[in-house]
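What follows is a single structure, written as structure tokens, with notes after it.
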Amino acid sequence: MTMTQASQIALLREQGFVVVRGFADAATVSALRDISLRHLEQAIEPIEYEADLRYPGAPASRQAAGGHTARRLLDAYGRDPLFAQWAASPRIAQWLAAYFGLARPGLARPGLARPGLAPVLSTVHHNCVMTKHPAYGSLTGWHQDIRYWSFSAPELVSCWLALGRETAENGGLFFLPGSHAAGFGSEQFDQSKFFLPDPPANRDWIARAVCPTLEPGDAVFFHCLTLHAAQRNASNAVKLSLVHTYYPGSVRPLPGSRSASRPGVPLAPAQGA
Ligand SMILES: O=C(O)CCC(=O)C(=O)O
């Protein structure tokens, strides 16, 4: 059954994430995937390497075996016009204008979006092709993306586009439904702001984890407070996802912060939004 956009938006508000099936067409996915593979093969900078982050499973350094395994092809918006077109596409503009314009009742922090303000693409956060390689690709613990971001309000939403199939086995994202509205205490996180696995209250949350299988062209929209995590890639093929983050025009990156270090891109007002 196809969900209406209103139902998708309601689900994003309620559970902190929503899968939108077939969000990008096959030709678009194929073109974005081809560029991603070419940039990976040619190691076109800027790249964040697994060895730089050192999450569990990553090589210890760039000199170690697998040390040049990419984790993220950074600055997707700036690295190819096709990526820029996707990130600022009318498809995304319309969807997010509907979400931000309607995002009043029922949100964790209501009243932050005003109808008529165009969504803004962050060129600082995510804005990358997220890769996960079978060898040397790391796992990512439970976290909220907002942890290192600085904005006037935590009202950002990411759009994660699958450029291939994504499952629990190849390192697909797991989410904790409703966690965006939970209001966790700082004692529930470690010093790096990962959600601790052992406290009983945290275990209860983690027991609710779901990992939606994504087909190429499916997108997941998720709130910046939604806890999510991913395992290593146990398949034999690299996994590629194109990820961008957006905020409503009423929200501002805090002056002097990394979030404000590069200007955002307001999306052209979408027809009918
Ligand atoms: O692909 C993964 O391991 C998770 C990526 C992620 O959640 C992130 O980088 O914020």
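Observations on the structure shown:
- Restricting attention to region 153-162, the residues being away from the ligand (no atom under 13 Å from the Cβ) and either surrounded by fewer than 18 Cβ atoms within 10 Å (Cβ to Cβ) or part of a loop (DSSP other than H, G, I, E, B) (or both) number 3.
- Number of residues in region 1-27 that are closer than 20 Å to GLN144 by Cβ, touching a residue at least 24 places away in the same chain (Cβ under 8 Å) and either touching a Cys at 6+ places or on another chain (Cβ under 6 Å) or not in a loop (DSSP other than H, G, I, E, B) (or both) equals 7.
Matching residues to (1) surrounded by fewer than 14 Cβ atoms within 10 Å (Cβ to Cβ); (2) away from the ligand (no atom under 16 Å from the Cβ):
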| position | (1), (2) |
| --- | --- |
| GLN15 | no, yes |
| ARG21 | yes, yes |
| ASP25 | yes, yes |
| THR28 | no, yes |
| ALA31 | no, yes |
| ARG54 | yes, no |
| ARG79 | no, yes |
| ALA97 | no, yes |
| GLY101 | no, yes |
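- Counted residues, region 135-152 - those being away from the ligand (no atom under 12 Å from the Cβ) and either within 14 Å of the chain's Cα centre (by Cα) or modelled with pLDDT under 95 (or both): 2
- Test: ALA88 is surrounded by 16 or more Cβ atoms within 10 Å (Cβ to Cβ), within 16 Å of the ligand (Cβ to nearest atom), within 26 Å of PRO248 (Cβ to Cβ) and under 19 Å from the mean Cα position of the chain (by Cα): no
- Some residue of region 251-265 being under 16 Å from the mean Cα position of the chain (by Cα) and either at pLDDT 95 or above or under 24 Å from LEU73 (Cα atoms) (or both): yes
- Among the residues of region 40-80, those identified as more than 20 Å from the chain's Cα centre (by Cα) and assigned to a helix (DSSP H, G or I) are GLU41, ALA51.
- Scanning region 189-220 for residues that are more than 20 Å from LEU139 (Cα to Cα) and within 16 Å of the ligand (Cβ to nearest atom) turns up ASP218, ALA219.
- Among the residues examined, VAL129 does not qualify as touching a Phe, Trp or Tyr at 6+ places or on another chain (Cβ under 9 Å), modelled with pLDDT of 95 or more, more than 26 Å from ARG54 (Cα to Cα) and buried (at least 19 other Cβ atoms within 10 Å of the Cβ).
- Scanning region 185-195 for residues that are surrounded by fewer than 16 Cβ atoms within 10 Å (Cβ to Cβ) and either assigned to a loop (DSSP other than H, G, I, E, B) or of a type in the set (Gly, Ala, Ser) (or both) yields GLY185, SER186, ASP190, GLN191, SER192, LYS193.
- Pairs where the first residue, in region 164-188, is more than 13 Å from the ligand (Cβ to nearest atom) and the second is of a type in the set (Lys, Arg) and in a loop (DSSP other than H, G, I, E, B), C-beta under 8 Å, 6+ apart: PRO177/ARG208; GLY178/ARG208
The values are calculated or read from the model by the stated rules, or taken from the named source; none is laboratory data. Nothing here was measured: the structure is a model prediction, and the numbers come from that model. Methodologically, a virtual Cβ is constructed for each residue, glycine included, from the backbone with ideal geometry; neighbour enumeration extends over all protein chains shown.
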